[in-house]
Amino acid sequence: MRPSAGGAAATPGRRLRVGVVGLAQYHVTGWVETLEGFGDEVEIVALYDPDPERGRTLAPVHHDPSLRPALGEAYRDLPFETDLDVFVARHDLDLALVTLPNADAPAAIERLATAGIHLLIDKPAARSAAELRPAAEAVRTTRVRAVVGLTRRYTPAARAAHDLIATGRLGRLMAAEASFATSSVAVRDPTNLLFDLARSGGGVLSWLGVHDVDALLWLSGEPIVEVVAMTGSVGQPGLEVEDVVSVGLRFAGGAVGTIHGGYDLPARGYRGRLALRGLDGSVELATEDELVVLERGDDGRLAERRHAFAVTPAAGYGAQGRAAVIDLLGAIRDDRETEAPIEALVSALEVIDAAYAAAQTGRLVRLDGA
């Protein structure tokens, strides 16, 4: 059992003992493969899932097609538990990868944090902000280190945009826009857990829109105070969650913004862009390796400057996932917060909850404390 104040510190020459909590989630194999790239620092020692079938298959029923379909055969030699309390008690864990359905993740995070176990948490990890708050409070009070899968924060182009905006170079924020499109429900399979309302809590806004909500909050540095929204379940008969969404936002400083997204591409793929526009300039992001800055040039005309960044490919959850793990291991070693803390996920879910309420009622929703 790990100490409850501050979690387990990294000991030079000793690898952190990692447990995988949840084998049914869409991204689990990618995060495991990412952790495999840190063999000198971590070792995966045990697996947990409440479903014994997952221990037999070592695979989620549905997985991101860019990731492995299952864990490697070597994982059959590891202990597999179906009781989380037994899992915690038996395996002397330092760190847990939490890849559980949204309905199950908050209670597991709270239990693991209370045991002093550091956390790598895939998003969105809850069906609502209210469900995640007790888990976030457990992380705070026990001082374990946690990083969440809000991986846009680790792309070099977004980090450069964040640093530029923080200097005040854009001037007063006027507007923000985000849009994304990805493979349809039919392509992803209508029986996918992603489309189970009871287990997931929402659709494309919760699963993918959380990245854009977080990016707008993080980049702007301003709270979102008002939300209007429309959702639709359009592309698949009997769909329980939304596959298209349009959200209108107002920031605390008065700027307005939009988020539009959908499961609306006819094949596997993703398209997206994000922009913030101030009185003195704009930033535009469409890829992880390029930032476009628009400002007034010396000749008085609009000047476009493109900044390219090198991104080294990485196995599993990619360069962004690897950067998140590096951040987490550094936070454990240095006893500091991560750059994608669980509180950021709570804040994003608060906006998403407001959007769902606005879509259901047809009314503007003000966020608490706004």
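Some values worked out for this structure:
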| read-out | value |
| --- | --- |
| Residue identified as open to solvent by 20 Å² or more (accessible area, probe 1.4 Å), at negative phi and not in a strand (DSSP E or B) among LEU208, LEU170 | LEU208 |
| Test for ALA198: is it in contact with a strand residue (DSSP E or B) (Cβ under 7 Å, 6 or more places away or on another chain) and either of a type outside the set (Phe, Trp, Tyr) or part of a strand (DSSP E or B) (or both) | no |
| Strands (runs of 3 or more DSSP E) contained entirely in the stretch 252-315, each with at least 1 residues that are crowded, with 16+ Cβ neighbours inside 10 Å | 256-265, 270-278, 281-287, 290-296 |
| Answer from GLU53, GLU33 - the residue that is open to solvent by 20 Å² or more (accessible area, probe 1.4 Å), in contact (Cβ under 8 Å) with a residue 60 or more places away in the chain and not basic (Lys, Arg) | GLU33 |
| Residues of the stretch 173-195 satisfying the condition of being closer than 30 Å to ALA115 by Cβ and open to solvent by 20 Å² or more (accessible area, probe 1.4 Å) | LEU193 |
| Neighbours by Cβ (under 7 Å, 6+ apart or cross-chain): first from the stretch 335-346, open to solvent by 80 Å² or more (accessible area, probe 1.4 Å); second at pLDDT 95 or above | GLU337/ALA331; GLU339/ARG153; GLU339/ASP327 |
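Yes or no, residue by residue, for (1) under 30 Å from LEU276 (Cβ atoms); (2) small (Gly, Ala, Ser); (3) crowded, with 20+ Cβ neighbours inside 10 Å:
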site: HIS118; (1), (2), (3): no, no, yes
site: ILE121; (1), (2), (3): yes, no, yes
site: VAL139; (1), (2), (3): yes, no, yes
site: ARG143; (1), (2), (3): no, no, no
site: VAL147; (1), (2), (3): yes, no, yes
site: ALA166; (1), (2), (3): yes, yes, no
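The values are calculated or read from the model by the stated rules, or taken from the named source; none is laboratory data. Fair warning: this is a prediction, and the values are worked out from it, not measured in the lab. Glycine also receives a Cβ, built like all others from the backbone with ideal geometry; neighbour counts cover every protein chain displayed. Side chains included, ligands, DNA and RNA excluded: accessible areas come from the protein's heavy atoms. Shrake-Rupley method; radii C 1.70, N 1.55, O 1.52, S 1.80 Å.
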